[in-house]
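Working notes for the structure below.
Throughout, read-outs are computed from the coordinates displayed, never taken from laboratory work. Since the structure is predicted, the reported quantities are computational estimates derived from the model, not experimental observations. Here Cβ is always computed from backbone atoms with ideal geometry, including for glycine, and neighbour counts include all displayed protein chains.
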Amino acid sequence: MRNSTSRILLIEDNELDARQMLKDLGGSDDFAVDRTADLAAARHALKGAFYDCILLDLSLPDSQGLVGIDALIGVDPDTPIVVLTGLDDPKTAEEAVARGAQDYLVKGSSTADTISRAIRYAIARHRVDSELRTTTELLEVMNERERIARDLHDTVIQQLFATGMSLQATAGQTETPARQNILEAVDGVDAAIRQLRETIFRLHSPTAQLSLAESIDDVATEARESLGFAPAVRVGDIGQLPAEIQTTVTAVVREGLANIARHARATAAEVSVSIDDHLLVLMIDDNGVGVGPQPLAPRELTGHGVPNMFARAEELDGSFHIGPGPGGGTCIEWKIPIR
């Protein structure tokens, strides 16, 4: 419950039954009751307000029997339902619970105390059921992460390691200009293996969720060896981001720093992240050789890393610009909306 008073939606078309229910619940400050006389009005009410519990009569002008339960769950699956009926029928009660109701009350045989208790128990049981579903889903996700981690370790990393060894052997047998390219490819394979191992570690530790600043710091630390220096990192007060956004931003930083290491011949670089007018703004600057006097158009983007950054921005309705920095070198500006 969101406060000490539980909001109840009573769906009852019979005036005498409705008055009795309102009387039974009205004597307590624990409940605030709204009433509708048919299912259509109840569905409208649920779309516009929060309720802690629904009391549903099974005989309504526009709904007869247990189908009303299905209709309400379709509109609001997070609000527990207690069924009201004039018949004491155990089979109907079992079917109602099977369809998603939390309890079953027989009108005329229920006192104010039993109704109050049924509502409280329904709210508590529904909360426990929701927590159990969440825990089950989390366990399923964790099991899937473990499976992916095993597959990455047992297959992908081993294949990359074998490829790196083969490339090293080939480089040792040639003195042609291609030898340097082969050695650079070996370095790329080694970097991929390190990144995969880091990913596997994260998959094994799903509860150790890093902040975006921590994730970017980790990427900057990883890039230090290939860059030859430690890039500066500045992350403003950006709050908590959705996991998928944080993963994407981290990937863009990794690709940006890798691009600097491959092409820029820089001695310094800076990564900054901020929020500006509902936009997440990622800037990656370096003092290297630069890309020319004008920003590059999308069709001029070559290789894999830079086009990937452009594609990631497009997928999130964002923008990507790469061009000369204000003090020389290259400046990458990557923006996405934060809703």
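Couple of notes before you dig in:
- Taking segment 6-110 and dividing mean pair separation by its residue count, relative contact order in percent (alpha carbons under 8 Å, at least six apart): 25
- Here the simple spin-label model places points 7 Å from the Cα toward Cβ, and for ARG150 and GLU15 these points are separated by 6.7 nm.
- Under 15 Å from the Cα of LYS107 - aspartates and glutamates, other chains or at least 8 residues apart: GLU12, ASP13, GLU15, ASP17, ASP24, ASP57, ASP88, ASP89
- Residues whose amide H comes within less than 5 Å of that of LEU60, counting only those at least five positions distant or on another chain, are GLY65 (H built at 1.01 Å from N in the peptide plane).
- Between ARG117 and ARG224, the simple spin-label model (points 7 angstrom out along Cα→Cβ) gives 6.5 nm.
- Solvent-free Debye scattering, log10 I(q)/I(0), computed from the Cα coordinates of the chain at q = 0.10 Å⁻¹: -0.77
- Restricting attention to segment 1-133, close to 10% of DSSP beta bridges with both partner residues there are antiparallel.
- Taking other C-beta atoms within 10 Å as the exposure proxy, ASP237, ASP57, ASP217 rank ASP237, ASP217, ASP57 from fewest upward.
- Counting every other Cβ atom within 10 Å of each residue's Cβ, ASP30, ASP70 order from fewest to most as ASP70, ASP30.
- Proximal aspartates and glutamates to LYS91, defined as alpha-carbon separation beneath 16 angstrom and excluding residues fewer than eight positions away on the same chain: ASP103
- Across segment 39-52, computed HN-Hα scalar couplings (Karplus, 6.51 cos²θ - 1.76 cosθ + 1.60, θ = phi - 60°) run 6, 4, 5, 5, 4, 5, 4, 5, 6, x, 8, 9, 10, 7 Hz from first to last residue, x flagging Gly and Pro.
- Residues ILE275 and ASP129, FRET efficiency given R0 of 45 Å [Cβ-Cβ distance, rounded to 0.05]: 0.75
- By other beta-carbon atoms within 10 Å, ranking ARG179, ARG254 with the fewest at the front produces ARG179, ARG254.
- DSSP beta bridges confined to the chain are antiparallel in about 50 percent of cases.
- Degrees between helix 157-172 axis and first principal axis of the chain (Cα, 0 to 90, nearest 10): 10
- Kirkwood hydrodynamic radius of segment 6-110, Cα pairs, Å: 13.6
- Gyration tensor verdict on segment 210-339 (Cα atoms; rounded if a/c is under 1.5, prolate if a/b is larger than b/c, oblate otherwise): oblate
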